[in-house]
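The values are calculated or read from the model by the stated rules, or taken from the named source; none is laboratory data. Note that the structure is predicted; figures quoted are calculated from it, not measured. FYI the Cβ positions are ideal-geometry reconstructions off the backbone, even for glycines, and counts take in every protein chain you see. Note: areas computed on protein heavy atoms with side chains; ligands, DNA, RNA excluded. Shrake-Rupley method; radii C 1.70, N 1.55, O 1.52, S 1.80 Å.
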Amino acid sequence: METYTLTTAGADLVYDVRGPLPTTDGRPPLFLIGHPMDASGFVALAARFPDRTVITYDPRGLGRSTRGDGRVHYTPEVLADDVHAVITELGAGPVEMFASSGGAVTALALVARHPGDVTTLVAHEPPLITITPDGPAAVRARAGVRDAYEKRGWGAGMAAFVAMTSWEGEFTDAYFAQPAPDPAAFGMPAEDDGSRDDPLLSDRSWAVSDHRPDVDAIAAAPTRVVIAVGEESRTVQTGRTSEAAAELLGQRVTVFPSHHAGFVDGESGYPGKPDEFAARLREVLDAS
């Protein structure tokens, strides 16, 4: 693996290249992206594609990548332009892409803004909460996570986030009537370390989950777009957002093994099924 830094007007973007460029197998590079997950979250998945040239990167302001634009918030458009800059720097033509969570939102914006960058996009569980039938209630639930984080710190915020993302079905009065979850019940610290800059728990990434894909631009692009969902996520929020995104794009979801982070291994606190997940991803990419 070789690691590089691309300096742009607004950020220093660190990315990793596993395998030769140009590729020697006749396939485009495989680019793996997330948000707020950085490259470290894709180690297990990348290892299961030893025959492919695999690219991973840290989004601006996360992991090893720094930002110099003076901002702390994240928007899909800026993140998409960053990924476009890395793809251009690679000089290896369009890529195949697996994008997870907020990275899937970035990738949908990338296809709309830079339609020549990606041949096939597998967008796994994009958290587009405003396009679900209970969008206003989902926005309220998201605000509850932010409020818990602002008032009581990381443990309380993460406990609220877990409660929100594991809630099955639409966000009803029953959801909002629940008592605040106890961080200790999830093995999280109750003490407040004073920080309030977590991109997952603060409002810094709200533009990502508020995003509405440009359906016409995506349809006009040459990219084959696949909206994917984990089999264990079908009834929770990211499963429902995946179904809504697929419907918006005039397709049905493609089911993958495991959950929202089904590609991570035992080093994660919530391991998925990386072998089965990688096999399914290979199958979907090869069908193009």
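With each pseudo-label sitting 7 Å past Cα toward Cβ, what's the GLU231-ALA190 distance in nm, one decimal?
It is 3.9 nm.
Report ³J(HN,Hα) in whole Hz for each residue of the range 146-155, in order, from the Karplus equation J = 6.51 cos²θ - 1.76 cosθ + 1.60 where θ = phi - 60°; Gly and Pro get x.
Computed from phi, the couplings for the range 146-155 are 4, 5, 4, 5, 5, 7, 10, x, 4, x Hz.
Grab the Cα-Cα distance for SER166 and ASP51, subtract it from 0.36 nm times how many residues apart they are, and report the gain in nm with one decimal.
37.8 nm
Ranked from highest to lowest mean number of other Cβ atoms within 10 Å per residue, what is the order of the peptides 14-22, 192-200, 257-265?
Descending packing order for the listed peptides: 257-265, 14-22, 192-200.
Given the DSSP H assignment, sum -39500 (n - 2.57) over each helix run of at least 4 residues in the chain and divide by its residue total; what's the result at 222 nm in deg cm²/dmol, nearest 500?
Calculated from helices alone, the mean residue ellipticity at 222 nm is -10500 deg cm²/dmol.
Report D for the range 43-109 in µm² per second (integer): Stokes-Einstein, Kirkwood Rh on Cα pairs, 25 °C, 0.890 mPa s.
Approximately 186 µm²/s, per Stokes-Einstein.
The range 234-278 to the range 74-119: how many Å between their Cα centroids?
20 Å
For HIS260, which sequence-distant residues (separation of 5 or more, or a different chain) have an amide H within less than 5 Å of its own amide H, given hydrogens modelled in the peptide plane?
It is none; the list stays empty.
So, in nm, how far is label GLU267 from label TYR4 when the simple model puts each one 7 Å beyond its Cα toward the Cβ?
2.3 nm
Restricting to the chain, what percent of DSSP beta bridges are antiparallel, rounded to 5?
Among the beta bridges of the chain, antiparallel pairing accounts for roughly 40 percent.
Measuring from label point to label point, each 7 Å out along Cα→Cβ, what is the ALA174 to GLN251 span in nm?
3.4 nm
After finding the eigenvalues of the alpha carbon gyration tensor for the range 121-262, what semi-axes result from the square roots of 5 times each, listed largest first in whole Å?
Value: 29, 16, 14 Å, ordered largest first.
Cα gyration tensor of the range 200-288, axes a ≥ b ≥ c as square roots of the eigenvalues: rounded (a/c below 1.5), prolate (a/b > b/c) or oblate?
In terms of gyration-tensor shape, oblate.
Which length gain, in nm to one decimal place, applies between ALA92 and VAL139 when the Cα-Cα distance is subtracted from 0.36 nm times their residue separation?
In short, 12.9 nm is gained.
Give the relative contact order (percent, whole number) for the range 75-193; include only Cα pairs under 8 Å separated by 6+ residues.
19 percent
How large is the accessible surface per residue of the range 40-119, computed with a 1.4 Å probe and reported in Å² as a whole number?
Accessible surface, normalised per residue, equals 33 Å².
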